[in-house]
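Engineer: Pasting a structure here, questions to come.
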Amino acid sequence: MLPLDNYECNIVSTLIRKFYRGSLDYSIDSQDLLQMTWSKQEEFLNATVKNPLIKRYPVKSEFGRLFFKKLLTFLEGSQEVHDDIYENLCTFMNTSPENFCYRHYIIGVGLNNIITLKETNNMVVNGTTGLRTWEAGIMLADWALCNIDLFKKKKVLELGSGVGLAGITVAKFCQPLRITLSDCHNDVLNALEENVAINFPSLERQQKADSILFQSSEQTIEVMNLDWNDTSNISNEVNPDIIFGSDIIYDPTIIEPLCDVLNTFCNRNENVQVFIAGVIRNAETLNMFLQKLDKMNLQYQRTTHSENVFVEWDLKVQRYLLKINKILL
Ligand SMILES: C[S@@+](CC[C@H](N)C(=O)[O-])C[C@H]1O[C@@H](n2cnc3c(N)ncnc32)[C@H](O)[C@@H]1O
């Protein structure tokens, strides 16, 4: 896997990355427009709408429509437009709006390492924020890829996985001994399970009493209902070395239960290391969490991740990355 600074930037690869990322934030200057010949347009189409992965797991039709419309405004009048650009625009326009779609997260350079997730674009669906990927999850995935040794051969637990970007990234690239991805909302757990199946098609699925296992002789991924409000129900078999989570400190009412969960695992294994990433929306909520950690004899350090290394995420957001562990007396 090559980091992004090895990325050979040209207009076609930029457009491909934007399309996969679900971003309309692109522009084509007059120099680049000269390069967008018929064959370059074909290269773009082959890597995107004609790519078997995108055909199987399509992007949101509304996004496709806006992306192709924008592309046309640049191309028309400057280049002969490829017929398939018009054809795909029509297809997107004739597709009924979907509640869910697929997003494709390119890891590193090229299209060899992609995580595909079923998710929604909406902030809240059916009373949960867990059905889309949040910026902190992308940052945490990138940070994990820069810290593979931390996860290697470890028992890992993700809290509040949502649709699973960070957890699936760790499972796919960081060689944990075993990883448990958890959440508490049924729709989120169903999407999470589907996303594990999409990204690990060769693992065998097994329904267990309190979780779903995806397994091979080399790998175990578990999808588990783990509600922070109900620590008494957490199976004793869950005894992680590393816990992580992204965007899970967003509501004052979940601070206490979340800290209880961390405390439960720190009591099971006093060497457990916890990493929590988030975007600062409300500094007061984060402070409440930090004060609660103090009260529970859990210490924290602020750590940083300050550049896009393998995955692109928004560097402009105000963010935190905490390392938490038990104070050993
Ligand atoms: C803002 S989303 C973040 C999802 C994902 N980690 C990300 O960064 O994209 C917060 C997640 O925490 C989960 N969550 C909230 N309260 C929870 C609880 N009491 N127990 C377990 N998970 C919870 C939600 O279901 C949701 O998936």
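Engineer: Name the residue that is nearest to the ligand (Cβ to nearest atom), counting only residues in the range 181-197 that are in contact (Cβ under 8 Å) with a residue 60 or more places away in the chain and of a type in the set (Asp, Glu).
Structural biologist: Going through the qualifying residues, I end up with Asp187.
Engineer: Pairs under 7 Å by beta carbon, first residue touching a residue at least 12 places away in the same chain (Cβ under 8 Å) and of a type in the set (Lys, Arg) in the range 1-30, partner in a loop (DSSP other than H, G, I, E, B) and open to solvent by less than 30 Å² (accessible area, probe 1.4 Å), six or more apart or different chains?
Structural biologist: The qualifying pairs are Lys18/Tyr26.
Engineer: Restrict the check to the range 20-30 and report whether at least one residue is outside any helix (DSSP H, G or I) and on the phi > 0 side of the Ramachandran plot.
Structural biologist: Checked the range 20-30: at least one residue is outside any helix (DSSP H, G or I) and on the phi > 0 side of the Ramachandran plot.
Engineer: All but one of (1) of a type in the set (A, V, I, L, M, F, W, C); (2) closer than 22 Å to Ile28 by Cα; (3) in contact with a helix residue (DSSP H, G or I) (Cβ under 8 Å, 6 or more places away or on another chain); (4) not in a loop (DSSP other than H, G, I, E, B) hold for Phe63; state the number of the condition that does not hold.
Structural biologist: (3)
Engineer: Sticking with this structure for a sec: Which of the residues that make up the range 123-140 are of a type in the set (A, V, I, L, M) and more than 6 Å from the ligand (Cβ to nearest atom)?
Structural biologist: The answer is Met123, Val124, Val125, Leu131, Ile138, Met139, Leu140.
Engineer: Something else now. Evaluate the range 104-113: report whether one residue or more is within 16 Å of the ligand (Cβ to nearest atom) and either open to solvent by 20 Å² or more (accessible area, probe 1.4 Å) or not β-branched (Val, Ile, Thr) (or both).
Structural biologist: Yes, the conditions are met somewhere in the range 104-113.
Engineer: Just one of (1) under 24 Å from Leu328 (Cβ atoms); (2) in a strand (DSSP E or B); (3) within 13 Å of the ligand (Cβ to nearest atom) trips up Gly278, so point out which.
Structural biologist: Going through the list (1) under 24 Å from Leu328 (Cβ atoms); (2) in a strand (DSSP E or B); (3) within 13 Å of the ligand (Cβ to nearest atom), Gly278 breaks only (1).
Engineer: Are any residues in the range 114-126 polar (S, T, N, Q), more than 15 Å from Arg56 (Cα to Cα) and either open to solvent by less than 70 Å² (accessible area, probe 1.4 Å) or out of contact with any helix residue (DSSP H, G or I) (no Cβ under 7 Å at 6 or more places or on another chain) (or both), and if so, which ones?
Structural biologist: Thr120, Asn121, Asn122 - these are the residues of the range 114-126 that are polar (S, T, N, Q), more than 15 Å from Arg56 (Cα to Cα) and either open to solvent by less than 70 Å² (accessible area, probe 1.4 Å) or out of contact with any helix residue (DSSP H, G or I) (no Cβ under 7 Å at 6 or more places or on another chain) (or both).
Engineer: Another one. Of the conditions (1) free of Cβ contacts under 8 Å to residues at least 60 places away in the same chain; (2) under 26 Å from Cys174 (Cβ atoms), Ile327 fails just one. Which one is it?
Structural biologist: (2)
Engineer: Residues of the range 141-180 being of a type in the set (S, T, N, Q) and either over 15 Å from the mean Cα position of the chain (by Cα) or within 9 Å of the ligand (Cβ to nearest atom) (or both), which ones?
Structural biologist: Within the range 141-180, Asn147, Ser161, Gln175, Thr180 meet the criteria.
Engineer: Looking at the range 138-255, what strands (runs of 3 or more DSSP E) fall wholly within it and have at least 3 residues that are assigned by TED's automatic domain parsing to the domain that holds Leu293 and surrounded by 18 or more Cβ atoms within 10 Å (Cβ to Cβ)?
Structural biologist: Filter on the range 138-255 gives 155-158, 178-183, 211-215, 220-225, 242-246.
Engineer: Looking at the range 226-253, I want the residues that are more than 20 Å from Trp143 (Cα to Cα) and have a partner that is of a type outside the set (S, T, N, Q) and assigned to a loop (DSSP other than H, G, I, E, B) with Cβ atoms under 6 Å, at least 6 apart or on another chain. Which pairs are those?
Structural biologist: Between residues of the range 226-253 that are more than 20 Å from Trp143 (Cα to Cα) and residues that are of a type outside the set (S, T, N, Q) and assigned to a loop (DSSP other than H, G, I, E, B), the close pairs are Asp227/Cys184; Ser235/Asp210.
Engineer: Residues being of a type in the set (A, V, I, L, M, F, W, C), open to solvent by less than 50 Å² (accessible area, probe 1.4 Å) and in a loop (DSSP other than H, G, I, E, B): count how many of those fall in the range 293-328.
Structural biologist: Of the residues in that region, 6 qualify.
Engineer: Right, next: Could you look through the range 212-244, keep only residues that are of a type in the set (Gly, Ala, Ser) and closer than 21 Å to Lys153 by Cβ, and pick out the one that is nearest to the ligand (Cβ to nearest atom)?
Structural biologist: Applying the filter and picking the extreme gives Ser216.
The values are calculated or read from the model by the stated rules, or taken from the named source; none is laboratory data. Note that this is a predicted model, so its numbers are computed, not measured. Every residue, glycine as well, gets a Cβ built from its backbone with ideal geometry; the counts of neighbours run over all protein chains shown. The accessibility values were calculated without ligands, DNA or RNA, using every heavy atom of the protein model including side chains. Shrake-Rupley method; radii C 1.70, N 1.55, O 1.52, S 1.80 Å.
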